[in-house]
Amino acid sequence: MINFEKFTLGNGLRVIVHQDASTPIVAMNILYDVGARDEDPEKTGFAHLFEHLMFGGSANIPKYDVPLERAGGENNAFTSNDVTNFYLTLPKQNIDTAFWLESDRMNQLAFSEKSLEVQRNVVSEEFRQTHLNQPYGDVWLLMRPEVYKVHPYSWPTIGKKIEHITDSTMQDVRAFYGKYYNPNNAILVVSGDVEVSEIKSLAKKWFGPIDNHGENIRKIPVEPIQTKARFMEVERDVPIDAIYKCWHMCSRADEKYHATDLLSDLLGNGQSSRLYYELVKNKKLFSEINAFIMGSRDEGLLVVTGKPAHGKSLEEADVAIILEIEKLRTTLIAKDELQKVKNKVESTLVFSEMNVLDKAMNLAFAELNDKAGDVNLEAGKYQAVTPEKIMTVAKNVLKPENCTTLFYKAK
């Protein structure tokens, strides 16, 4: 159980405080409600570019890391298709430093042609290393536009193509910052041995004066229901063949989400999962196989990916996956098999609440849908899933016409 208090500043910044007296370390998490899905289709990769730019210095702090390290702190960040998240930890006596650092870069990031050029080069090199020059690196550059025909999930967080980053201008960057990096579009969580009154005072002092730039009215198109199976085949300079299969699934806030998550675990999470046990261990058809969900805020994907064993074709591999999937669509699973998967999920949830930073992140992500309290309901929602719900989701999600398949062949 994560106890917390929540308040909102006059400029729209939502603030959540979790008191934990067991540690002298305080965590601060700032989640900005902006990800790759918010980008202009002709100017992609900006959310990720900003993850880097936010460390390039602000009006009163030339180098973000220097004062944080002097205060005994650490920090990092990540971007997804849905959000950009920044977090830090430091000793509780230096909490003022955290508020100073984060409020300054929310209020006035130090834009310069030099810093933009540096970060453009960094992100472009990352694009090359992770998506262009790495084996299987272009999978989601291929799959996303095939799976999503309308929704902006049709490009990965890194962007559609490297030119969108290399050609970005100062005007583009300033406009993106002004639209999304403001208090009304952010959630601040502080977790640790703190008093709520102290955090209220600090939040008002450091973040209160920052202007609200207005509410972002998003008009994100809804992806039409896929009614026909899709197939792609590519040949690349990789060591062995690989197969990728994607099915459209519900959003993170949907009541079917937890059953769909458990379904993916039953299929391919760990050595006792159905796909691994049957296709790797028993039939020796695959050298490796996994299933997972994207966990997206809008309607996401359930994914199966695997590498066939030596001498086995992608066609054989595909048929074997489909046969195992049909078993879940047509036969009710045993309660003890489902319970085993539930227990694994629950232990993961327990471990995700072991330290103040994880709790801060969990609260921020729950509050993204205006429901921070849902962070305490997750385990119960997983435990409430029945074998009948698993079968219903399997029938509705794992339909052949809802699937997109990629054969990724080795030259």
Two-site FRET efficiency, E315 against V196, from Cβ-Cβ distance with R₀ of 56 Å, rounded to 0.05: 0.40
Separation of the K205 and S347 label points, Cα + 7 Å toward Cβ, nm: 4.5
Listed candidates [x] 153; [y] 144; [z] 133 - label of the one calculated as volume of the Cα convex hull per residue in Å³: [y]
Cα-projected label distance for K6 with M354, points at 7 Å along beta-carbon direction, nm: 2.8
FRET efficiency, 1/(1 + (r/R0)^6) with R0 35 Å, evaluated for K381 and V66 via beta carbons: 0.20
Spacing of the two label points (7 Å from each Cα toward its C-beta) at E125 and V150, in nm: 4.2
Degrees between helix 95-107 axis and first principal axis of the chain (Cα, 0 to 90, nearest 10): 80
T23, T405 arranged by Cβ crowding within 10 Å, fewest neighbours leading: T23, T405
Long-range HN-HN contacts of S287 with modeled amide H, under 5 Å: K307, A309
Cα lying deepest toward the dipole's positive end in the chain, options M170, V356, G380, charges on Cβ: G380
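Can you show me the helix-derived [θ] at 222 nm for the chain, built from DSSP H runs with n ≥ 4 at -39,500 (n - 2.57) apiece and divided by the number of residues, rounded to the nearest 500. Kindly include the intermediate steps, with their values, before the conclusion.
Working: 14 runs with 152 residues, N = 411.
Computed mean residue ellipticity for the chain: -11000 deg cm²/dmol.
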Alpha-carbon Debye profile of region 5-206, log10 I(q)/I(0) at 0.09, 0.10, 0.11, 0.16 Å⁻¹: -0.37, -0.46, -0.55, -1.04
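In percent, what relative contact order does region 230-410 have, based on Cα pairs under 8 Å that are 6 or more apart in sequence? It would help to have the intermediate numbers written out before the result.
On the way: 284 pairs, mean separation 70.6, N = 181.
Across region 230-410, relative contact order equals 39 percent.
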Efficiency of FRET between V118 and K327 - r from beta-carbon atoms, R0 51 angstrom, step 0.05: 0.45
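Please report E278, E401 as a ranked list, fewest other C-beta atoms within 10 angstrom at the top and most at the bottom. Present the calculation step by step, with values, prior to reporting the outcome.
On the way: E278 18, E401 11.
Fewest to most other Cβ atoms nearby, the residues stand as E401, E278.
Throughout, read-outs are computed from the coordinates displayed, never taken from laboratory work. Since the model is a prediction, treat every value here as computed from it, not as a measurement. Here the Cβ is made from the backbone with ideal geometry for all residues, glycine too, and neighbour counts use every protein chain on show.
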